[in-house]
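Peer 1: My questions all concern the structure below.
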Amino acid sequence: MAKPAILLVDDDPDVLRAIERDVRRHFGGTYRVLRASSGAQALDILTQLALRHEPVALLLTDQRMPEMDGVEFLEQAKELSPQAKRALLTAYADTDAAIRAINSVGIDYYLVKPWDPPEEQLYPVLQDLLDDWLADFNPPFEGLRLIGHRWSAMAHELKDFLTRNLIPYQWLDVETHTEALRLLELANLDASHLPVVLLPDGTSLSQPTPAQLAETLGLRIHADLSFYDLIIVGSGPSGLAGAVYGASEGLRTMLIEREAPGGQAGTSSRIENYLGFPSGLSGADLARRAVTQARRFGVELLTPQEVTSVRVDGPYRFVTLADGSELSCSALLIATGVSYRKLDIPGLERLTGSGVYYGAAMTEALSCRDSDVFVVGGANSAGQAAMYFSRYARTVTMLVRGDSLAKSMSQYLIDQIQQTGNITVQTCTSVVEVHGESNLETITLANTQTGERQTLPTSALFIFIGAMPRTEWLADFVLRDEQGFLLTGPDLDRDGKRPSGWKLQRAPFLLETNVPGIFAAGDVRHGSVKRVASGVGEGAVAIQFIHRYLSEVR
Ligand SMILES: Cc1cc2nc3c(=O)[nH]c(=O)nc-3n(C[C@H](O)[C@H](O)[C@H](O)COP(=O)(O)OP(=O)(O)OC[C@H]3O[C@@H](n4cnc5c(N)ncnc54)[C@H](O)[C@@H]3O)c2cc1C
C-alpha cells in the first residue's frame with residue numbers, strides 16, 4: 001500500500017517551502033508529503049489520489065489565498081478525501097474565520113503562523129491529528145473476523161466488546177456476506193458454531209465469551225502483583241483520571257474494568273462540551289488517549305475483569321475479582337459510574353441484543369443503514385445517538401415521554417436535531433410493548449396524555465433512559481443512598497454525627513466513604529454532576545485526599 005499522503009497548500013512560495021521542510025523532516029518517514037500552490041491544484045492532486053485509491057491522511061492549507069480560500073478548499077476537498085483530517089494555517093487576524101470554519105465546515109484544527117519552534121507549535125498538533133486519522137483508518141483487512149447472525153445477542157455482545165475495547169475487526173453477517181460461509185467452511189465449522197471469531201493466525205473460537213476472547217487476544221485479565229498502593233474500580237473518565245494522577249504521583253496503581261475503558265463516555269459518539277476540544281471528540285478517542293496516558297505512567301489495567309466484593313483487614317483493603325482471585329491495596333477508589341436503567345415492558349428482555357439495544361449506538365449504527373430507527377429517551381445521550389444514527393439510518397424517531405426536549409437536553413443538541421432532516425421527535429410518547437419472533441419486528445407506542453396506541457414496524461430500538469448505579473456488591477459495607485449512590489464526605493454527616501463505626505478523630509475527607517481509605521468519584525457518588533469533566537475532576541481530587549490518607553497510615 002502507498003504511504004498515506006499529507007497535502008500542504010499555500011500560494012506563498014516561501015511559506016510553502018518552509019512548512020514542507022518542517023513537515024517532511026518530522027513525518028517524511030511515514031507519510032508522503034505533497035504540496036500545491038493553489039486550491040485548484042490541490043483538488044487536482046486529490047482527484048488523482050482518489051482514482052488510485054491512495055489514502056490521504058491530512059490536508060493543511062493556508063486560509064488567505066486568491067480565487068479559492070482555505071475554508072472553500074477544505075469544503076470541496078471533503079468530497080474527494082472524506083477521511084482526511086483538515087487543518088487551516090491562519091494569521092492571527094484570521095482566527096475568527098477559523099473558529100467559524102470549525103462549526104460550519106467541521107475543520108479539525110487551526111494553526112497560527114508562525115509555527116516556531118515546530119517541536120512545540122506544529123509537530124504535537126499534527127501528530128495528534130494523524131493519530132486520530134490512523135485510529136479510524138481502514139487499510140485492506142488483515143485482522144480479526146467475527147462471523148454471526150445479525151440478530152444474535154451473543155454476536156452483539158462480542159461486537160460491543162471489540163468496538164468498545166478499540167480492537168479492529170471485520171463483521172461478516174452469514175446472511176448477507178457470501179464470504180462468511182466460505183470462511184466457515186474453510187475453518188471446518190457450520191452455522192451451529194456461530195458466532196465464530198477467526199483469528200489472523202488462522203485459528204478460530206466458537207461462541208467465546210468476551211473474557212475468553214480477551215484472553216486469546218492478550219488483553220490482561222490477571223494482575224502482576226498482589227498488592228498495590230491504589231486500586232481503582234472502573235475505568236470511565238473518573239477512574240482513568242484517578243489512575244493518571246495517582247500513577248504520575250508515584251502510586252503503584254491498578255485499574256480494574258468490567259467492560260471496556262471509557263465507561264459511559266466511551267459509548268458517546270461525540271462529546272462536544274469537554275474543555276480543550278473545540279470541534280468535539282468521540283468517546284472512543286477520549287478513552288484511547290486516556291488509556292495511553294495512564295499506561296505511560298505505569299498504570300496496570302485489567303479488562304474485562306469485574307470486582308465482586310470488598311473487605312478490610314487492618315490497613316489493607318481487599319477486592320475480590322469475578323474469577324475468585326483477590327488483590328489488596330492501601331487505598332481503594334470506587335469509580336464504577338452508572339448503567340442504563342432497564343425498560344420493563346412485555347417482550348423486551350427476550351429481544352435485547354436482537355433488535356433492542358441499551359446504548360450501543362457506535363456498535364450497531366452500521367447495521368442500521370437505510371432502516372427506520374427508534375431512539376427512546378430525551379436526554380443528551382439519546383440526542384447524541386439520534387444525531388449519530390441520522391448519518392446511517394433512513395429515518396430516526398426519538399420517543400420522548402415528556403412534552404419537550406428542553407427540560408432534559410442541552411440546547412446545542414436540540415438545535416442540531418431540529419436542523420437534521422431525517423430525525424423526528426415524538427413527544428408525550430412511551431414504548432409499551434415490543435414484538436418479534438427471533439428479532440424485533442414491531443413496537444407499540446402509547447400517547448402519555450390520551451392513551452392512544454399505535455403499532456409500527458421497525459427492526460431497531462435503542463434505549464437511553466437514564467441510569468442507575470450498580471453498587472449492590474458494596475451494600476452493608478459502604479453507605480449508599482436509597483438509589484444506591486455512594487455517600488462521601490459531608491453527605492455522611494447525620495445530624496452532626498459521624499457515620500456509625502467511624503473511629504478516626506478527623507471527619508471523612510471530601511470524597512471518602514464511611515470506610516477510611518475507600519473513596520468514591522464520578523457518577524457513582526451521591527450528588528455528583530454527571531459530566532465527563534466533573535468525573536475527571538473528581539478522579540483527580542480524590543488522589544489528593546488519598547495522599548493525605550496514606551500519610552496517616554504509613
Ligand atoms: C451516550 C452518552 C453520552 C454522553 N455524553 C456526554 C457529553 O457529551 N458530555 C458530558 O460531559 N457527559 C456526557 N455523558 C455523561 C458522562 O459520560 C458520564 O458522566 C461519565 O462517563 C461518568 O464517568 P464515571 O467514570 O464516573 O463513570 P462511567 O463512565 O459510568 O464509568 C464507570 C466504569 O466502571 C465500570 N464498572 C462498573 N462496575 C464495575 C465493577 N464492579 N468492576 C469493574 N468495573 C466496573 C463500568 O464498566 C464503566 O466502564 C454521556 C453519557 C452517555 C451514556
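Peer 1: How many residues are within 18 Å of the chain's Cα centre (by Cα) and more than 7 Å from the ligand (Cβ to nearest atom) when one looks only at the range 220-239?
Peer 2: Going through the range 220-239 one residue at a time, the tally reaches 0.
Peer 1: Given the residues ARG498, ARG525, ARG494, ARG506, which is the only one that is more than 13 Å from the ligand (Cβ to nearest atom), of a type in the set (D, E, K, R), without any contact (Cβ under 8 Å) to a residue 60 or more places away in the chain and in contact with a Leu (Cβ under 8 Å, 6 or more places away or on another chain)?
Peer 2: On inspection, the qualifying residue turns out to be ARG498.
Peer 1: Open to solvent by 90 Å² or more (accessible area, probe 1.4 Å) and out of contact with any Pro (no Cβ under 7 Å at 6 or more places or on another chain): is that true of ARG24 in this structure?
Peer 2: Yes.
Peer 1: If you don't mind, another one. Considering VAL310, VAL338, which residue is under 16 Å from the mean Cα position of the chain (by Cα), at pLDDT 95 or above and of a type in the set (A, V, I, L, M, F, W, C)?
Peer 2: When all the criteria are applied, what remains is VAL338.
Peer 1: Check PRO346 against each of (1) more than 15 Å from the ligand (Cβ to nearest atom); (2) under 23 Å from LYS159 (Cβ atoms); (3) open to solvent by 50 Å² or more (accessible area, probe 1.4 Å); (4) touching a strand residue (DSSP E or B) at 6+ places or on another chain (Cβ under 8 Å) and name the one condition it does not meet.
Peer 2: With respect to (1) more than 15 Å from the ligand (Cβ to nearest atom); (2) under 23 Å from LYS159 (Cβ atoms); (3) open to solvent by 50 Å² or more (accessible area, probe 1.4 Å); (4) touching a strand residue (DSSP E or B) at 6+ places or on another chain (Cβ under 8 Å), PRO346 is out only on (2).
Peer 1: In the list LEU146, LEU49, LEU89, LEU80, which residue meets the criterion of being over 30 Å from LEU189 (Cβ atoms) and either loosely packed, with under 15 Cβ neighbours inside 10 Å or at pLDDT 90 or above (or both)?
Peer 2: LEU89
Peer 1: Would you be able to tell me the number of residues in the range 321-356 that are in a loop (DSSP other than H, G, I, E, B) and not basic (Lys, Arg)?
Peer 2: Qualifying residue count, the range 321-356: 16.
Peer 1: Going by what's in this entry, would ASP323 be described as more than 15 Å from the ligand (Cβ to nearest atom) and open to solvent by 10 Å² or more (accessible area, probe 1.4 Å)?
Peer 2: Judged against the criteria, ASP323 is not a match.
Peer 1: Among the listed residues GLY359, GLY353, identify the single one that is open to solvent by less than 20 Å² (accessible area, probe 1.4 Å), over 18 Å from the mean Cα position of the chain (by Cα) and under 27 Å from GLU441 (Cβ atoms).
Peer 2: Just one listed residue meets the conditions, GLY353.
Peer 1: Could you count how many residues in the range 84-122 are in contact with a Lys or Arg (Cβ under 9 Å, 6 or more places away or on another chain) and among the aromatic types (Phe, Trp, Tyr)?
Peer 2: 2
Peer 1: Here's a follow-up. Identify, from the list PHE318, PHE297, the residue that is in contact with a Cys (Cβ under 9 Å, 6 or more places away or on another chain) and either buried (at least 16 other Cβ atoms within 10 Å of the Cβ) or free of Cβ contacts under 8 Å to residues at least 12 places away in the same chain (or both).
Peer 2: Matching residue, one of PHE318, PHE297: PHE318.
Peer 1: In addition: Restricting attention to the range 254-274, does a residue exist that is over 20 Å from ALA467 (Cβ atoms) and of a type in the set (Phe, Trp, Tyr)?
Peer 2: No, the conditions are met nowhere in the range 254-274.
Peer 1: Spot the failing condition for LYS530; the list is (1) part of a loop (DSSP other than H, G, I, E, B); (2) more than 11 Å from the ligand (Cβ to nearest atom); (3) over 19 Å from VAL319 (Cα atoms), and only one is missed.
Peer 2: (2)
Peer 1: Okay, moving on. Among the residues of the range 399-424, which ones are farther than 21 Å from LYS530 by Cα, touching a residue at least 40 places away in the same chain (Cβ under 8 Å) and outside any loop (DSSP other than H, G, I, E, B)?
Peer 2: Residue satisfying the conditions is LEU399 alone.
Peer 1: Residue by residue through the range 210-236, note down the ones that are open to solvent by 30 Å² or more (accessible area, probe 1.4 Å) and at pLDDT 95 or above.
Peer 2: Within the range 210-236, just PHE227 meets the criteria.
The values are calculated or read from the model by the stated rules, or taken from the named source; none is laboratory data. In this text, all values refer to a predicted model and were calculated from it rather than measured experimentally. Backbone-built Cβ (ideal geometry, glycine too); neighbour counts: all protein chains shown. For accessibility, only protein heavy atoms count, side chains too; no ligands or nucleic acids. Shrake-Rupley method; radii C 1.70, N 1.55, O 1.52, S 1.80 Å.
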